[in-house]
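Comments concern the structure below.
The values are calculated or read from the model by the stated rules, or taken from the named source; none is laboratory data. Nothing here was measured: the structure is a model prediction, and the numbers come from that model. All Cβ positions, glycine included, derive from the backbone under ideal geometry; neighbour counts span all protein chains shown. Surface areas here come from the heavy atoms of the whole protein model, side chains and all, with no ligands, DNA or RNA. Shrake-Rupley method; radii C 1.70, N 1.55, O 1.52, S 1.80 Å.
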Amino acid sequence: MDSIQFKGQIKDEKAADVLGKISKKIENWKSLDPAEYHTPEGLDSLKQQIGSLVEELPLEQKNARRVGNNVYNSIKDS
């Protein structure tokens, strides 16, 4: 969030929208049954969902793509 806002004010609406969509996917994943979804396969599925969101973004939306890729890579590193 720090990279897309300044003192609580959004600097990039498109990046904020992408981050909001990603946050919803993560919150949904967190609410799922841990025995079935909080597994390496479940985490990989979450990563793929986020990757799909990023791939849909136009190349011109560099900041939004960067934010999405940062989350994607953080999940991948987990």
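Separation of segment 1-41 from segment 49-78 is 11 Å, based on Cα centroids. The heavy atoms of residue 78 present about 110 square angstrom of accessible area, all protein chains included, probe 1.4 Å.
Which residue, 19, 32, 46, tops the fluctuation ranking in a GNM of the chain built on C-alpha contacts under 10 Å? Maximum fluctuation in the GNM of the chain, among the listed residues, is at 32. Note on the chain: with a GNM built from Cα contacts shorter than 10 Å, the maximum mean-square fluctuation among 16, 64, 35 falls on 35.
For residue 43, the solvent-accessible surface computed with a 1.4 Å probe is close to 50 Å², ligands and nucleic acids excluded. Protein heavy-atom accessible surface, 1.4 Å probe, per residue over the chain: 70 Å².
Under a plain spin-label model, where a point goes 7 Å from the Cα along Cα-to-Cβ, how far apart in nm are residue 33 and residue 62? Each label point lies 7 Å from its Cα, and together they span 4.6 nm.
The calculated pair-distance distribution of the chain uses every alpha carbon pair, bins of 10 angstrom beginning at 0, and gives 19, 48, 26, 7 percent.
Under the combined filter of DSSP loop state and at most 12 neighbouring Cβ atoms within 10 Å, segment 12-78 retains these GluC sites (Glu not before Pro): 56, 60.
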